[in-house]
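In what follows, a structure is listed as structure tokens, so that the remarks can point back to it.
The values are calculated or read from the model by the stated rules, or taken from the named source; none is laboratory data. Small disclaimer: the values here were computed from a predicted structure and weren't measured. Reconstructed Cβ throughout: ideal geometry from the backbone, glycine too, with neighbour counts over all protein chains shown. Surface accessibility is based on the protein's heavy atoms, side chains included, excluding ligands, DNA and RNA. Shrake-Rupley method; radii C 1.70, N 1.55, O 1.52, S 1.80 Å.
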Amino acid sequence: MHRRRVLATGAAVALAGCVSYTDDTPSSEALIQDAIERRQHMTDLEAQRTMRVETTDDAFERVAEIAREPPAKQRIEVVESTDPDVPAGSVIVTNRTTTWEYNPATEVADRKYHPNKVDSDGTKRELEKLQSASRLGYEGTEAVDGRRAHVIETRPPVEDVDRSLDLVVGDTEFVIPLEASDDREALSVTRTVWIDDEYRYPIKERNAIIEDGETRYEVTVTYADLSIDEGLAEDTFTYLPPADATVVTDGPQPDGIFDSRSAAEENLPYELPAPDVADAYVLDRITVVERGDRYGGTTTTLWYNDPNVIARELYVAVRESQRFSSTSPDLEQIDLDGRTAYRRDEGVQTIFWNCADLSYEVSSLREDTPLFEIASSIDCR
């Protein structure tokens with residue numbers, strides 16, 4: 001079996017709003033839409049998560065205590081495990097700029113810096129994929145951890161299944177062994193999601209790949225002791241490795257993280273812009289990184305997010321060197337108030353341009369962000 005060594009990332013939907021149903025049996029489409037709407041406003045989550053992976057010749061199970069503040073913060077502590085790659089005692093703690101990963105078998109604590117990582121909402125994205133499935137089926141209700149849950153099943157076409165599997169419950173990617181079969185037409189895929197009746201929260205998921213009636217691969221994730229928006233301890237997303245651990249680091253360590261332009265500018269060789277963003281956005285942080293690669297010089301990133309909507313964020317980057325290639329086929333040349341700029345609309349939506357001795361970038365994961373207007377509001381001196 002080919003699998004990625006990974007501690008699964010907890011994910012959830014929020015308690016907000018309510019969809020009204022015309023009878024006692026909600027439709028699958030309405031349940032998923034309710035989950036998407038609630039997901040956007042969740043503040044925090046705690047649960048015990050059990051994950052079981054089975055193949056024709058292997059099986060393992062992990063039980064972890066998880067805490068989340070979507071989209072960026074998570075804490076996962078494995079308390080039981082039969083997975084040799086992820087033993088009991090394994091820990092992952094992530095915040096906006098850093099991830100710690102501790103392996104008790106090797107006694108190594110890996111600290112990865114990611115000060116300019118864009119945080120997307122994988123759970124919402126997977127719910128939207130599920131919503132667009134052509135063969136959704138409502139299978140009634142079942143009890144999950146003593147709670148009433150609605151069962152939704154879909155059978156995605158095999159040709160739509162990649163070599164990786166992204167989960168709704170768990171926000172995790174696994175590598176799956178599709179190459180084990182020489183006949184893709186003999187395969188079928190089922191995906192079942194249980195949505196809690198009270199919370200409208202996905203609390204269980206099972207994905208299975210079946211060949212000629214035999215289940216070749218199955219992953220099941222279940223939440224227990226779930227609590228949503230009840231608050232978390234202040235130090236939940238900080239981590240101190242054991243005293244005897246070997247600490248290794250990678251990624252660009254930030255030279256500073258600031259909460260205002262004035263504080264950041266005291267450490268910069270240039271002034272920072274004051275872009276005109278919508279009132280819903282607030283300045284979350286400013287990261288400063290001294291680059292030593294081909295994009296050398298000081299890179300400053302101003303991060304804005306909407307505190308009321310998960311993963312609704314944008315950023316403005318200022319660099320001393322140009323990061324984009326004007327000849328790239330992925331870029332479209334546009335006019336930005338008489339200046340030449342370039343737009344990219346694949347994945348992250350971005351506008352690049354140069355001004356005097358600096359290079360600018362405005363980016364967002366959301367297609368509805370008015371990037372052109374924000375770019376136009378930045379004074380070019």
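Some values worked out for this structure:
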{"item": "Region 121-149, residues that are of a type outside the set (D, E, K, R) and open to solvent by 50 Å² or more (accessible area, probe 1.4 Å)", "result": "Q131, S132, S134, Y138, T141, A143, G146"}
{"item": "Qualifying residue in region 258-267 (condition: in contact (Cβ under 8 Å) with a residue 12 or more places away in the chain, of a type in the set (D, E), surrounded by 12 or more Cβ atoms within 10 Å (Cβ to Cβ) and under 19 Å from Y113 (Cβ atoms))", "result": "no"}
{"item": "Residues of region 333-378 classified as aromatic (F, W, Y) and open to solvent by 40 Å² or more (accessible area, probe 1.4 Å), total", "result": "1"}
{"item": "Top-ranked residue in region 17-32 [being open to solvent by 60 Å² or more (accessible area, probe 1.4 Å) and among the polar types (S, T, N, Q); ranked as modelled with the lowest pLDDT]", "result": "S20"}
{"item": "Selection count where residues are surrounded by fewer than 18 Cβ atoms within 10 Å (Cβ to Cβ) and of a type in the set (A, V, I, L, M, F, W, C), scope region 99-117", "result": "2"}
{"item": "Qualifying residue in region 281-297 (condition: open to solvent by 30 Å² or more (accessible area, probe 1.4 Å), within 24 Å of the chain's Cα centre (by Cα) and not charged (D, E, K, R))", "result": "yes"}
{"item": "Cβ pairs under 6 Å, 6+ apart, first in region 313-338 and more than 24 Å from S120 (Cβ to Cβ), second open to solvent by less than 30 Å² (accessible area, probe 1.4 Å) and assigned to a loop (DSSP other than H, G, I, E, B)", "result": "S321/G296"}
{"item": "Answer from L302, L272, L268 - the residue that is aliphatic (A, V, I, L, M), assigned to a loop (DSSP other than H, G, I, E, B) and touching a helix residue (DSSP H, G or I) at 6+ places or on another chain (Cβ under 8 Å)", "result": "L272"}
{"item": "Meets criteria (within 27 Å of A280 (Cβ to Cβ) and in the same structural domain as P275 (by the TED database)) for N305", "result": "yes"}
{"item": "Unique match (being part of a loop (DSSP other than H, G, I, E, B), open to solvent by 30 Å² or more (accessible area, probe 1.4 Å) and either farther than 24 Å from P307 by Cβ or among the β-branched types (V, I, T) (or both)) among T222, T249, T215, T238", "result": "T238"}
{"item": "So D276, is it under 21 Å from R111 (Cβ atoms) and open to solvent by 80 Å² or more (accessible area, probe 1.4 Å)", "result": "no"}
{"item": "Subset of region 37-54 (residues that are in contact (Cβ under 8 Å) with a residue 24 or more places away in the chain and either surrounded by fewer than 19 Cβ atoms within 10 Å (Cβ to Cβ) or outside the structural domain of R216 (by the TED database) (or both))", "result": "H41, T43, D44, Q48, T50, R52, E54"}
{"item": "Matching residues, region 59-98, being open to solvent by 20 Å² or more (accessible area, probe 1.4 Å) and hydrophobic (A, V, I, L, M, F, W, C)", "result": "A59, V79, A88"}
